[in-house]
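Visitor: One structure follows; several queries about it will come next.
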Amino acid sequence: MIVLLVTFIAALLCPVHTDSSSVAWCYNQPTCNFTTWSQIAPQYCNGSMQSPINIVTTSVQGNPNLTSFNFTGFDDNSTFLSIANSGDSVVVNLDDYKMAVQGGDLPGLYNTKQFHLHWGNGSSSAGSEHTVNGKQYPMELHIVNVHSKYNGSVADALAAKDSTGLAVLGFFIEGTNEKNKTKSWDILTSFLTQIPSSGNTTLDIMNKITMDSLLEGVNRTKYYRYRGSLTTPNCNEVVIWTVFKDPIKVSQDLINRFSTTTFFKASPSVLMTNNFRGVQPLNGRVVTSQPLPSTAATSTISIITVLLLSSLCWL
């Protein structure tokens, strides 16, 4: 039964990163790293709506429809099914029957399938995929959600070439010395020693932590939104991206565990480091966020202030 369950989970993990026309790709070799993906996977990886991107805050436009999300099951400690080394990331498989996201101007309900991470080479090294005004964080967490009309099948969403098929929630991670605030990350990273090699999976992760506990301290009402793609081949352009402004604070020594414990696929002696794709051209796309306070209201306050100061001159 356990073998069957592991096989089933592995089948769920793979479609998130690729589809039926998958190609050999990597992060750590010159012939197949992300600089070559547009040649080795040209169907989508050289498209016009690729991810990740550099978010330039001065160009972000306000959208009043970007309201709060409704997170279902993010406080449930029975939703973490397994943790695996996929050969290019660490992936946590989630119970999509219990977890879902809606609201935030998403076009419907999205079932939460898994989350995975991208990192550099330790807490002092750049490793996030998205950047903000050129700033790159040490890590980035991606929560992958599939539209409910696909009944939990990421493969079906990719096959449909539906630009709204997936909704990925991106969270920056930065180092902190406040270890008392990162207990859940200590628990999560303690499993890394059980999955050093590609294909390793452990089911001993149930009832330990919740998604909410990993996202502690993040204001989930403040975020950026744009249309883009998967950040690994085949780079399918089927993702509504939400990138949260607040970073998750994680102890620096816990961040270091990722780049000192896990190994790449087909490279058993090569530690998994710098598993991120570089930023891609925006190509005219618009990044939106919650509107800033009305400039009209600010102007009115300024005028009132000037009038009050002027009146003092007559006293």
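Visitor: Within the range 227-250, track down each residue that is in contact with a helix residue (DSSP H, G or I) (Cβ under 9 Å, 6 or more places away or on another chain) and among the polar types (S, T, N, Q).
Guide: Kept after step one, since they are in contact with a helix residue (DSSP H, G or I) (Cβ under 9 Å, 6 or more places away or on another chain), are these residues of the range 227-250: 229-238, 248-250.
Answer for the range 227-250, where residues must be in contact with a helix residue (DSSP H, G or I) (Cβ under 9 Å, 6 or more places away or on another chain) and among the polar types (S, T, N, Q): S229, T231, T232, N234, N236.
Visitor: Could you list, in sequence order, the residues of the range 181-198 that are closer than 16 Å to S89 by Cα and in contact with a Lys or Arg (Cβ under 7 Å, 6 or more places away or on another chain)?
Guide: T189, L192, S198 - these are the residues of the range 181-198 that are closer than 16 Å to S89 by Cα and in contact with a Lys or Arg (Cβ under 7 Å, 6 or more places away or on another chain).
Yes/no matrix, rows are residues, columns are (1) farther than 16 Å from I143 by Cα; (2) surrounded by 17 or more Cβ atoms within 10 Å (Cβ to Cβ):
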| site | (1), (2) |
| --- | --- |
| F172 | no, yes |
| G175 | yes, yes |
| K183 | yes, no |
| D186 | yes, no |
| I195 | yes, yes |
| M206 | yes, no |
| I209 | no, yes |
| Y224 | no, yes |
| S229 | no, yes |
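Visitor: Please enumerate the residues belonging to the range 36-49 that are surrounded by fewer than 22 Cβ atoms within 10 Å (Cβ to Cβ) and either among the charged types (D, E, K, R) or in a helix (DSSP H, G or I) (or both).
Guide: Passing the criteria: T36, S38, Q39, I40, P42, Q43.
Visitor: If you don't mind, another one. Is it the case that P52 is part of a loop (DSSP other than H, G, I, E, B) and surrounded by 14 or more Cβ atoms within 10 Å (Cβ to Cβ)? Don't jump to the end; show me each part of the working.
Guide: Numbers: part of a loop (DSSP other than H, G, I, E, B): yes; surrounded by 14 or more Cβ atoms within 10 Å (Cβ to Cβ): yes.
It is true that P52 is part of a loop (DSSP other than H, G, I, E, B) and surrounded by 14 or more Cβ atoms within 10 Å (Cβ to Cβ).
Visitor: Contact list please: Cβ distance under 8 Å, first residue in the range 256-278 and touching a residue at least 40 places away in the same chain (Cβ under 8 Å), second residue part of a loop (DSSP other than H, G, I, E, B) and among the aliphatic types (A, V, I, L, M), pairs at least six apart or on different chains.
Guide: Taking only residues 6 or more apart or on different chains, the pairs are F258/M272; S259/M272; T262/I195; T262/M272; F263/V270; F263/M272; F264/V270; F264/M272.
Visitor: Would you check if Q280 is in contact with a Pro (Cβ under 9 Å, 6 or more places away or on another chain) and surrounded by fewer than 18 Cβ atoms within 10 Å (Cβ to Cβ)? Quick ask: steps written out before the conclusion?
Guide: Working: in contact with a Pro (Cβ under 9 Å, 6 or more places away or on another chain): yes; surrounded by fewer than 18 Cβ atoms within 10 Å (Cβ to Cβ): no.
Judged against the criteria, Q280 is not a match.
Visitor: Could you grab me the full set of residues in the range 1-24 that are assigned to a loop (DSSP other than H, G, I, E, B), within 20 Å of the chain's Cα centre (by Cα) and either modelled with pLDDT of 50 or more or not charged (D, E, K, R) (or both)?
Guide: From the range 1-24, those assigned to a loop (DSSP other than H, G, I, E, B) are 1, 18-24; that's our starting set.
Still in the list and also within 20 Å of the chain's Cα centre (by Cα): 18-19.
T18 - this is the single residue of the range 1-24 that is assigned to a loop (DSSP other than H, G, I, E, B), within 20 Å of the chain's Cα centre (by Cα) and either modelled with pLDDT of 50 or more or not charged (D, E, K, R) (or both).
Visitor: For the range 72-101, give me each residue that is of a type in the set (S, T, Y) and either out of contact with any Asp or Glu (no Cβ under 8 Å at 6 or more places or on another chain) or surrounded by fewer than 20 Cβ atoms within 10 Å (Cβ to Cβ) (or both).
Guide: Filtering the range 72-101 for residues of a type in the set (S, T, Y) gives 72, 78-79, 82, 86, 89, 97.
Of everything in the range 72-101, those that are of a type in the set (S, T, Y) and either out of contact with any Asp or Glu (no Cβ under 8 Å at 6 or more places or on another chain) or surrounded by fewer than 20 Cβ atoms within 10 Å (Cβ to Cβ) (or both) turn out to be T72, S78, S82, S86, S89, Y97.
Visitor: Here is a follow-up. Please work out if D105 is surrounded by 20 or more Cβ atoms within 10 Å (Cβ to Cβ), among the charged types (D, E, K, R) and more than 22 Å from I173 (Cα to Cα). Lay out the reasoning, then the answer.
Guide: Working: surrounded by 20 or more Cβ atoms within 10 Å (Cβ to Cβ): no; among the charged types (D, E, K, R): yes; more than 22 Å from I173 (Cα to Cα): yes.
Against the criterion (surrounded by 20 or more Cβ atoms within 10 Å (Cβ to Cβ), among the charged types (D, E, K, R) and more than 22 Å from I173 (Cα to Cα)), D105 does not qualify.
Visitor: Looking at (1) modelled with pLDDT of 90 or more; (2) over 27 Å from V101 (Cα atoms), which one does A297 not meet, given that it meets all the others?
Guide: Among (1) modelled with pLDDT of 90 or more; (2) over 27 Å from V101 (Cα atoms), the lone unmet condition for A297 is (1).
Visitor: Modelled with pLDDT of 95 or more and among the basic types (K, R): is that true of K208 in this structure? Talk me through it step by step, then tell me what you get.
Guide: Numbers: modelled with pLDDT of 95 or more: no; among the basic types (K, R): yes.
In short, no.
The values are calculated or read from the model by the stated rules, or taken from the named source; none is laboratory data. Keep in mind that what you see is a predicted model, and the values were worked out from it rather than measured. Glycine gets a Cβ as well: all are built from the backbone with ideal geometry, and neighbour counts include every protein chain shown.
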